2 protein chains.
Amino acid sequence: MADTNPVNEPDFAGQLEAWRVRMEAALAARLPAADAVPARLHEAMRYSVLGGGKRIRPALLFATARTLGLPEDRVEAAACAIELIHVYSLVHDDLPAMDDDDLRRGRPTCHKAYDEATAILVGDALQPLAIDLLVRDPALPDAAAVRLRLIGLLCEASGSLGMVGGQAIDLAVEGTRLDIAQVEDLHARKTGALIRASVLMAAECAPGLEPAHREALARFAAAIGLAFQIQDDLLDVLGDTATLGKAAGADREHAKPTHPAIIGIEESQRRVRLLHDEALESLRPFGDHAAPLRSLANWLLSRRY
Amino acid sequence: MADTNPVNEPDFAGQLEAWRVRMEAALAARLPAADAVPARLHEAMRYSVLGGGKRIRPALLFATARTLGLPEDRVEAAACAIELIHVYSLVHDDLPAMDDDDLRRGRPTCHKAYDEATAILVGDALQPLAIDLLVRDPALPDAAAVRLRLIGLLCEASGSLGMVGGQAIDLAVEGTRLDIAQVEDLHARKTGALIRASVLMAAECAPGLEPAHREALARFAAAIGLAFQIQDDLLDVLGDTATLGKAAGADREHAKPTHPAIIGIEESQRRVRLLHDEALESLRPFGDHAAPLRSLANWLLSRRY
């Protein structure tokens with residue numbers, strides 16, 4: 001095992017909750033008002049973004065900022081941008097033509113609460129809103145070059161070679177047999193890319209970060225991203241619908257290729273532990289400063305929902 | 001009448017064709033290869049973007065660049081970005097949950113040629129591809145601040161207060177009775193915003209452009225954008241499916257609020273002529289340099305398809 005985490009986990013749950021509350025306010029302030037024309041679209045955008053979600057990607061930005069000695073303010077707009085992209089992808093993934101889910105975060109999905117056309121447009125509108133935050137938000141580092149690199153990281157992570165490409169592969173392989181390398185490639189795109197971008201965008205906000213430190217963070221993000229996805233798939237098998245806030249057993253129902261389906265539950269749990277060790281090991285260059293990222297990793301990989 | 005156009009219109013049709021050919025190559029070079037993983041998604045992206053379309057927004061960028069004495073190279077990436085956003089909006093608008101169209105540019109729509117899930121993802125992936133061009137394309141002005149303003153213009157034009165908001169209003173008002181001011185507000189969002197952005201993005205690439213000249217171009221773009229939409233709605237009433245490459249009479253079928261439906265064909269034609277005059281009038285400060293924009297306006301408002 002790598003370093004065990006010195007932080008008291010119950011305390012860290014309080015920290016996560018504080019970040020979640022902070023994000024709720026930050027997102028609410030940056031979304032168009034619910035009565036701005038067109039009101040139904042803006043209402044549906046706020047319905048989809050606010051009032052739920054663990055805000056794991058923002059937590060990764062805040063924890064990375066702390067590790068690098070940056071004030072949280074500095075990365076708040078980037079945290080909002082990445083969360084808006086994440087939410088847009090959920091709204092579109094839930095559509096009948098995609099995963100066809102009725103329940104998300106314990107509430108009706110956007111197309112159930114509104115209608116399909118509105119859900120498509122909510123996703124479409126969240127993308128430029130996210131990018132525009134990186135263009136204009138006054139709390140971000142001022143330098144245009146930094147903002148441009150943030151936008152580049154987000155576009156790369158969310159495009160056809162990243163998140164959207166992963167979703168396309170996921171739909172294409174439903175019911176087919178993949179080997180574990182193919183599943184890990186799928187995960188690296190579908191969920192890994194945005195998790196990696198969360199860490200790297202926070203790193204981009206730290207002036208003069210050493211390349212070796214940036215690479216260490218990229219390794220951390222890759223390990224944590226994959227472990228997070230395997231953990232998610234384990235929860236889908238082991239959890240129940242009430243705790244998850246979405247339908248348990250959905251992966252098997254859709255015949256999704258997952259670690260538990262291919263290598264079994266025990267072996268999947270072992271893979272999570274190995275990736276967890278790898279993640280903690282990659283934080284070694286930051287010493288005690290990396291306590292927030294260590295605690296977050298520990299929390300993410302021991303969560304029950 | 002404002003200045004009549006000194007350029008020979010048949011010659012200008014040749015210019016438009018040259019720009020169209022140029023755009024085909026420019027877009028083909030910037031889209032992911034059809035065999036890059038995930039291949040089906042990338043194939044569908046190329047199918048949707050290439051091989052059709054009048055490329056009117058790119059023509060507006062090129063004509064504005066010429067008017068301002070900029071080489072066309074300078075705005076090519078911005079022209080690609082705006083065309084990718086336009087195409088994504090068509091792919092999503094054609095979906096069954098939206099306008100439910102089977103035919104676009106004389107070919108099956110993306111969800112007909114592929115499937116609905118792929119069409120949703122094609123649109124989703126074209127957005128970050130468009131923005132990423134503005135981040136990375138080497139032919140654009142080098143200054144990060146200029147690129148950032150281009151991205152801001154594109155996000156503003158395509159978001160919930162622009163194009164996507166217009167589409168949301170359009171769907172909401174189907175079958176209801178609007179007055180002409182409401183229809184013009186709808187058009188300003190749904191098609192006007194991106195046409196305005198085409199002109200203003202080209203203007204942004206001109207170093208040291210006078211504010212008065214920028215405002216003149218914004219006025220030109222507003223007039224031409226609305227006139228173009230009314231002309232489109234007139235063609236839907238007066239044209240035939242073979243010439244249009246999409247279903248004629250679709251607006252009436254969907255009970256869309258349009259100028260011809262509200263103020264009649266003759267009055268709509270008069271409105272196009274007045275806006276045409278206004279557009280040409282706003283180009284006066286540029287003198288003869290504005291010949292490309294004048295010719296484009298003349299062509300746009302006398303087109304038959």
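Read the figures in this text as sums done on the coordinates, not as results from a lab. Remember, predicted model here, so these are calculated numbers, not experimental data. Methodologically, a virtual Cβ is constructed for each residue, glycine included, from the backbone with ideal geometry; neighbour enumeration extends over all protein chains shown.
Derived scalar couplings between HN and Hα for region B:199-208 equal 5, 6, 5, 4, 4, 5, 7, 8, x, x Hz in order, rounded to whole Hz, by the Karplus curve 6.51 cos²θ - 1.76 cosθ + 1.60 (θ = phi - 60°), x for Gly and Pro. Looking down the axis that turns chain A into chain B, the chain A residue with its beta carbon nearest that axis, and the gap rounded to whole angstrom, comes out as A:Ala144, 2. Mean separation of Cα pairs under 8 Å and 6 or more residues apart, divided by the residue count, gives region B:66-122 a relative contact order of 24 percent. Across chain B, C-alpha contacts under 8 Å between residues 6 or more apart give a mean separation that, scaled by the residue count, equals a relative contact order of 22 percent. Given a Förster distance of 35 Å, report the FRET efficiency between B:Arg105 and A:Arg177 from their Cβ-Cβ distance, rounded to the nearest 0.05. The pair B:Arg105/A:Arg177 has a calculated efficiency of 0.35. The distance separating the Cα centre of region A:36-113 from that of region B:37-67 comes to 30 Å. Per residue of peptide B:25-37, the mean number of Cβ atoms on other chains within 10 Å of the residue Cβ is 1. Put the label 7 Å from Cα along Cα→Cβ for A:Ala212; what are its distances to the other copies, in nanometres, shortest first? Copy-to-copy label distances at A:Ala212, shortest first: 6.0 nm.
For the residues A:Gly165, A:Gly69, A:Gly123, a GNM of chain A with alpha-carbon springs under 10 Å puts the largest fluctuation on A:Gly69. For region A:177-189, putting each phi into the Karplus relation 6.51 cos²θ - 1.76 cosθ + 1.60 with θ = phi - 60° gives couplings of 9, 10, 8, 5, 5, 5, 5, 5, 5, 4, 5, 4, 7 Hz, in residue order, rounded to whole numbers and with x for Gly and Pro.
Amide H contacts of A:Arg104: A:Thr109, each under 5 Å away and 5 or more positions distant or on a separate chain (H built 1.01 Å from N in the peptide plane; Pro and chain starts excluded). Modelled label positions at A:Asp142 and B:Arg22, each set 7 Å beyond Cα in the direction of Cβ, lie 3.8 nm from each other.
What residue among B:Thr258, B:Thr109, B:Thr176 has the largest mean-square fluctuation in a Gaussian network model of chain B, using Cα springs under 10 Å? Greatest mean-square fluctuation among the candidates belongs to B:Thr176. Under a 10 Å cutoff between Cα atoms, tell me which one of B:Ala218, B:Ala193, B:Ala18 has the largest fluctuation in the Gaussian network model of chain B. Among B:Ala218, B:Ala193, B:Ala18, the largest mean-square fluctuation in the Gaussian network model of chain B belongs to B:Ala18. Remark: the protein assembly as shown carries a charge dipole of roughly 760 debye about the Cα centre, counting +1 on each Lys and Arg Cβ and -1 on each Asp and Glu Cβ. Phi-derived couplings, Karplus 6.51 cos²θ - 1.76 cosθ + 1.60 at θ = phi - 60°, listed residue by residue for region A:290-298: 7, 3, x, 5, 4, 4, 5, 4, 4 Hz, with x used for Gly and Pro.
Each copy carries A:Arg22; placing its label point 7 Å along the C-beta direction from Cα gives inter-copy distances of 4.9 nm, listed from smallest up.
A label point on B:Ala139, set 7 Å along the Cα-to-Cβ line, lies at 3.9 nm from each of its counterparts in the other copies, closest listed first.
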